[in-house]
Every structure is written in C-alpha cells, then in structure tokens.
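What follows is one structure encoded as structure tokens, with my remarks underneath.
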Amino acid sequence: MARGPKKHLKRLNAPKKWMLDKLSGKFAPRPSAGPHKLRESMPMIVVIRNKLKYSLTYSETKKVTMSRAIKVDGKVRTDMCFPIGFQDVVTIDKTGEFFRMLFDVKGRFLIHRIKKEEAAYKLCGVKSLSTAAKGIPVLVTHDGRTIRYPDPNIKVHDTIKLNIESGKIVDHIKFEPGNVAYITGGQNCGRIGIITHKEKHPGSFDIVHVKDSVGHSFATRLSNVFPVGKGKQAWISLPRGKGVRLSIAEERDRKLAAKAKEM
C-alpha cells in the first residue's frame, strides 16, 4: 500500500528518451514534482551531467546547481531534479549559453543551442480555457502556467508566444491547416511538418494529417500536434535536419556517402 509520494526511479524504468546507459547504477534521478510530467521531462542533473558534460558526478552537479548558475525559463533553479520539458529555455550566464529543450526525429530529448534573442521567449501550447473566481478568464499552458485575461481569439490547441521575463502573451498561432507544427508524442515524435487537415472522430481521438518538407505524409493524434509557426515559417530555430525523418535505407546511404567523402 502506497504511503506517500514515490521518491525513487529504477534505471530500467527511466524513460528511454533520456538515453541513459543500463550499467552505471541501479537507480536514475527521479524528476521532482513540477511543471512537466515525469515521462515528458528530463531532470536537470541529466541535462548538466549526461548531455552538456558540465560535471562528471552527482556531487559536482550539486555544486553547479547550488552556485545558482542554471536558470530555467529565466528563474534560478537549485533543485538538481527540477523537470525540464519541451520548449523550456535553459540559461547558463557564466558561459553565455542558451538552450531550448526539443525532440529529435527519433523522439529523444534534444538540447538545442539557441541565440540570446531567441532565449527571451518560449512557445506554450494551450491546454484549457476556463473562468476563475469573479468571472476572470484564464488560460492553462502545457508547462503548467495559468495566464489571466488572454486574447479571446486564443482557443484550446493553439500556441502562444510568451515573453519569459514579463510572463505576458506576445502573440499566438492558431491551430489550423497550413501552419507548421512540431509532433511532441507518439510514433512520429520529433517530426516537423505542415498541418494539412484534421479528422473528427466523436467518442474517439481526433486525427491530424501532417506533411513534412520533403513530401512525406503521416497522421497522429490531435494532442500530439504543437503549432510552432504561421505558414511555413517557424518561430523557433529548428534542429539539424528540420524534423525530417529518414527511412533506414536513406540513413544508410547518407552514412556511406559521408564515409566516402572522408576517405
């Protein structure tokens, strides 16, 4: 019988998209309760130690975080296990580096390096709209923010552009055909393409059809689609490959061509 919150995470049960090895211990760092779900985020220690290689051990990582060197979305975070999820901006002032958490085309977490200008904002998916006390309209985003008095044109599944410093909505992207979208879940996680059309299935999951930049079409659930730009122009810098997933044969040919070029 459960007696309170779980505090441990076995290494084999950790999300595969963290890309942790199996043999460096029995346990993995468990993300703290925070703005993202456990399996939709990565703890800060994995980002600093395993991905960016700014530390080698647990104790070194603790010294880095407790020196108040790491900011997530403009706020200093000293909790090593603070969950960092999709679209979160990680700032390291001492090195002048800025990163945005994205997915690669295989659905794994990707720490994408960005410029200072781009680190001033983030995109947030709109999860729900409701009315709070005294009839105040509020909007809830995918990273747990509650924003009062949003633009009445913003609907659920749209994306807002949020100024990190002020916490205010700067602009928004409608969920509609013709806009570029990032896939954040399912078998197509990490792919980027243009929304072509949406199928409604009452009593089941609505399906969205997406076409990437090389003409490959695929379909996914509505909840997995995250608009990131108006038309074909994305509002964030995209990772290498622009979200185009290659087939196994295409990947092989690319590797052989690169090897031939080196020889």
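For the stretch 29-132, take the convex hull of the Cα atoms, compute a quarter of its surface area, and give me that in nm², please. If you can, show how the numbers build up before the last one.
Details: hull surface 30.7 nm².
Directional mean of the projected Cα hull area for the stretch 29-132 stands at 7.7 nm².
Here the gap between Asp171 and Lys242, fully extended at 0.36 nm per residue and compared with their Cα-Cα distance, gives a gain of 23.2 nm.
Only four residue types carry charge here, +1 at the Cβ of Lys and Arg and -1 at the Cβ of Asp and Glu. Report the dipole size of the stretch 1-154 about the Cα centre in Debye, rounded to the nearest 20. Can you show the working numbers first?
Working: 33 positive and 13 negative charges, 150 e Å.
Dipole about the Cα centre, nearest 20: 720 debye.
In a simple Cβ point-charge model (Lys, Arg +1; Asp, Glu -1; nothing else charged), the stretch 198-263 has a dipole of about 180 debye relative to its Cα centre.
For the stretch 185-263, what does the accessible surface come to per residue with a 1.4 Å probe? Please give it in Å². Mind showing how you got there, number by number?
Values: 5160 Å² over 79 residues.
Accessible area per residue, the stretch 185-263: 65 Å².
In this entry, the stretch 186-263 is assigned a mean projected area of 6.5 nm², taken as a quarter of its C-alpha convex hull surface. Note on the stretch 125-263: the alpha carbon radius of gyration divided by the globular reference 2.2 N^0.38 Å gives 1.27. Computed over Cα pairs, the Kirkwood radius of the chain leads via Stokes-Einstein (1.567 mPa s, 4 °C) to a diffusion coefficient of 65 µm² per second.
Based on the Cβ-Cβ distance of Arg39 and Ala257, what FRET efficiency does E = 1/(1 + (r/R0)^6) give at R0 = 30 Å, to the nearest 0.05?
So, using R0 = 30 Å, E works out to roughly 0.25.
Step by step: find N for the stretch 85-205, compute 2.2 N^0.38 Å, then divide the Cα radius of gyration by it. What's the final number? Display every interim value, and only then the final one.
On the way: Rg = 16.0 Å, N = 121, 2.2 N^0.38 = 13.6 Å.
Rounded to two decimals, the normalised Rg is 1.17.
For the peptides 29-38, 184-193, the ranking by mean Cβ contacts within 10 Å, running from highest to lowest, is 184-193, 29-38. Dipole of the chain (Lys/Arg Cβ +1, Asp/Glu Cβ -1, origin at the Cα centre): which of Met44, Leu102, Ile195 lies farthest to the positive side? Going by the Cα projections, it comes out as Met44.
In debye, nearest 20, what is the charge dipole magnitude of the chain about its Cα centre with +1 on Lys and Arg Cβ and -1 on Asp and Glu Cβ, if you could check?
On the way: 52 positive and 24 negative charges, 195 e Å.
It works out to roughly 940 debye.
Solvent-accessible area of the stretch 138-240 (1.4 angstrom probe, protein heavy atoms only): carbon and sulfur portion equals 49 percent.
The values are calculated or read from the model by the stated rules, or taken from the named source; none is laboratory data. All figures in this text were calculated on a predicted structure; none of them were measured in a lab. Methodologically, a virtual Cβ is constructed for each residue, glycine included, from the backbone with ideal geometry; neighbour enumeration extends over all protein chains shown. Areas reflect the complete protein model, heavy atoms only, side chains present, ligands, DNA and RNA absent. Shrake-Rupley method; radii C 1.70, N 1.55, O 1.52, S 1.80 Å.
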